[in-house]
Amino acid sequence: MPITGENLIGATARRGEGESFRAVEAATGQSLEPAFASATPADVERACTLAAEAFDTYRETALENRARFLEAVADAIAAIGDELIVRCMAESGLPRARLEGERGRTIGQLKMFAGVVRDGGFLEARIDPAQPERKPLPRPDLRLRQIAVGPVAVFGASNFPLAFSVAGGDTASALAAGCPVVAKAHPAHPGTSELVGRAVQAAVKQCGLPEGVFSLLMDAGIGVGQALVADPRIAAVGFTGSRRGGVALMQAAASRPVPIPVYAEMSSINPVVLLPAALEARGRDIGRAFVGSLTLGSGQFCTNPGLILAVEGAGLDGFVEAASAALTETQAATMLTPGIHKAYCAGVAALEANPAVTTLARGLAGGTHQGQAALFSTSAEAFLADHTLAEEVFGAASLVVRCPDLATVRAVLERLEGQLTAALHLDEADHDAARALLPVLERRVGRILVNGFGTGVEVGHAMVHGGPYPATSDGRTTSVGSLAIHRFLRPVSYQDLPESLLPAALKDGNPLKLWRREDGKAVAPGA
Ligand SMILES: NC(=O)C1=CN([C@@H]2O[C@H](COP(=O)(O)OP(=O)(O)OC[C@H]3O[C@@H](n4cnc5c(N)ncnc54)[C@H](O)[C@@H]3O)[C@@H](O)[C@H]2O)C=CC1
Ligand SMILES: O=C(O)CCC(=O)C(=O)O
């Protein structure tokens, strides 16, 4: 499939007339062909108009047809073949195996949402039958279902150019909910974005859906994203990226005449708590496993373990020794963009220059665009006194905080901002200590895990990839897993509607064969 550098607006491909830009080969900094041209305000207008026109038809597509569409998108992405991987490797610097895995995750995610759509449970159909004889007042017939919120603007993430990008989790969950998507390509991987965008566009056509179900816009800067979020037809936003970018979109959405929700996944340092018995028994093993998680993908995961908390002692010394030894041998790896590499180097330099911080180890030095891993330590006292030590350094850098006792571990956790994950390394003798920390962790994070690290999010029904601000803009939900569909739905009640006007999900006789809640009780289809 040739990459043309065009915007995909509904069924058409149109060359933008805005600022021209090129993808950059992450490893070398060289420009790649072809030139892309940023979308214009008229392109944003057209994409949003088409999305709004498609909305009422698309949101009422039969569940089976919508599920087949999601599967068609998955199949079309698979059918691009190696060209997608090769282009993505060049643009992101990520290795083949990682990107092949990520493509599998992207396809699997779309298929999981196809299953969610077929199941229909997300409609949350509820029926409170009328009680005309009720005294003192009769009860009306009340029926509830969830409907799609409207067209969704999706911002692709730089660090997951497939699974969190044009047809990633935000797009899959929005399409599953019945929302058209206007995607804004990340300028770090426009060619990858176009290839995937053309696959979605082809699936829309193949499934006979209105063309406005999907559009993809290019931009060298931030103007298109700002215009999208401001467009009155856009009803919600999905974003993964920097705290600065996410907060800017939250502010833009909140200052509209009609504010809309922004689901932004932003910064997280993902505390890892090493409890005493586990540290004593296997501190060195944990240290080596930690370095594996820290340096995965050059550390460019929002789930990266950026903070280690433990009580001082021989166990922690063993962890630090083993982790430092493993880190010292870690090859530097190409980072996603020169800008992200520069930001990483600045973050590491700030830690190195901080008098309260000790550099424990550096990985092997690399080329111009490669991130050199780094491990630091500080005292709990210094950490609590300097809020900059709790800021995310996006890349393979982590800070060990030495605590005098478990009460201080708890005090440090209490002071952290919202996080995506927290990991506890524990043995049975640590259970009481862990139990005491759980209420704090539940308040601070979206996912608590034991004897592992948060990198590598499972795509499933019980996953929460979210957390209190600033991990995300809205800690009540998730950007990975089937629960993500609820971000793009809202409930509507139908009171005393005649049967012929009711949506199929709420009709007598349950024609869609849904699980429904009737008079407060869950009722199986056919019961
Ligand atoms: N925690 C995480 O998961 C991630 C954090 N980052 C952090 O973000 C830094 C920059 O990386 P990027 O991927 O470029 O993230 P970014 O947040 O700068 O950009 C992400 C997307 O949002 C758009 N955008 C950014 N600011 C905007 C604004 N004010 N108005 C409208 N659109 C806007 C960009 O054009 C891009 O499409 C990294 O160095 C890292 O610190 C990046 C990726 C993931
Ligand atoms: O760890 C993962 O699999 C996902 C991480 C993520 O969401 C991110 O880095 O943006």
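The values are calculated or read from the model by the stated rules, or taken from the named source; none is laboratory data. Here the structure is a predicted model, which is why all the values come from computation and not from measurement. Counting neighbours? That spans all protein chains shown, and the Cβs are built from the backbone with ideal geometry, glycine included. These accessible areas exclude ligands, DNA and RNA; they are computed on the full protein's heavy atoms, side chains included. Shrake-Rupley method; radii C 1.70, N 1.55, O 1.52, S 1.80 Å.
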Where in the chain are the helices, taken as whole DSSP H runs, whose Cα atoms extend 18 angstrom or more along the long axis and whose Kyte-Doolittle mean reaches at least -0.5?
41-59, 63-80, 190-206, 276-295, 314-328, 338-353, 431-444
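Expressed as a whole percentage, what fraction of the accessible surface of segment 271-450 belongs to carbon and sulfur atoms when a 1.4 Å probe is rolled over the protein heavy atoms? Intermediate results must be reported in sequence, preceding the final value.
On the way: 3890 of 7150 Å².
C and S fraction of accessible area: 54 percent.
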Quick query: amide H of Ile308 versus all other amide H atoms, modeled in the peptide plane; which residues come in under 5 Å with a sequence gap of 5 or more or a different chain?
Val272, Leu399, Val400, Val401
State the answer as a single residue: which of Leu99, Thr192, Ala114 lies farthest towards the positive end of the charge dipole of segment 83-235, with beta carbon charges of +1 for Lys and Arg and -1 for Asp and Glu, about the Cα centre.
Ala114
Under a Cβ-Cβ cut-off of 10 Å, what is the net charge of the residues other than Pro129 that fall near it, where Lys and Arg count +1 and Asp and Glu count -1?
-3
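Report relative contact order for segment 273-335 in percent, whole number only (criteria: Cα-Cα under 8 Å, sequence separation at least 6).
Here the relative contact order equals 50 percent.
Relative contact order for segment 271-450: what is it in percent, counting Cα pairs under 8 Å that are at least 6 residues apart?
Value for segment 271-450: 29 percent.
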Antiparallel as a % of all DSSP beta bridges within the chain, to the nearest 5?
40 percent
Classify segment 271-450 as rounded, prolate or oblate, taking a ≥ b ≥ c as the square roots of the eigenvalues of its Cα gyration tensor: rounded when a/c is under 1.5, otherwise prolate if a/b is larger than b/c and oblate if not.
prolate
Summing -39500 (n - 2.57) over the DSSP H runs of n ≥ 4 in the chain and dividing by its residue number, what mean residue ellipticity at 222 nm do you reach, to the nearest 500 deg cm²/dmol?
-12000 deg cm²/dmol
Report Tyr263's accessible area, 1.4 Å probe, all protein chains in place, as a number in Å² to the nearest 10.
40 Å²
Net charge over other residues, Cβ less than 14 angstrom from the Cβ of Pro498 (K, R count +1; D, E count -1):
-2
For the chain: lysine pairs under 29 Å (alpha-carbon distance), excluding those fewer than 8 apart on one chain:
11
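If we count every other residue with Cβ under 14 angstrom of Leu99's Cβ, Lys/Arg +1 and Asp/Glu -1, where does the sum land?
Numbers: positive: Arg87, Arg96, Arg98, Arg103, Arg105; negative: Asp82, Glu83, Glu91, Glu100, Glu102.
Neighbour charge sum, excluding Leu99 itself: 0.
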What does the C-alpha gyration tensor say about the overall shape of the chain? Classify as rounded when a/c is under 1.5, otherwise prolate if a/b is larger than b/c, or oblate.
oblate
Rounded to whole Å, give me the distance from the Cα center of segment 487-501 to that of segment 45-89.
27 Å
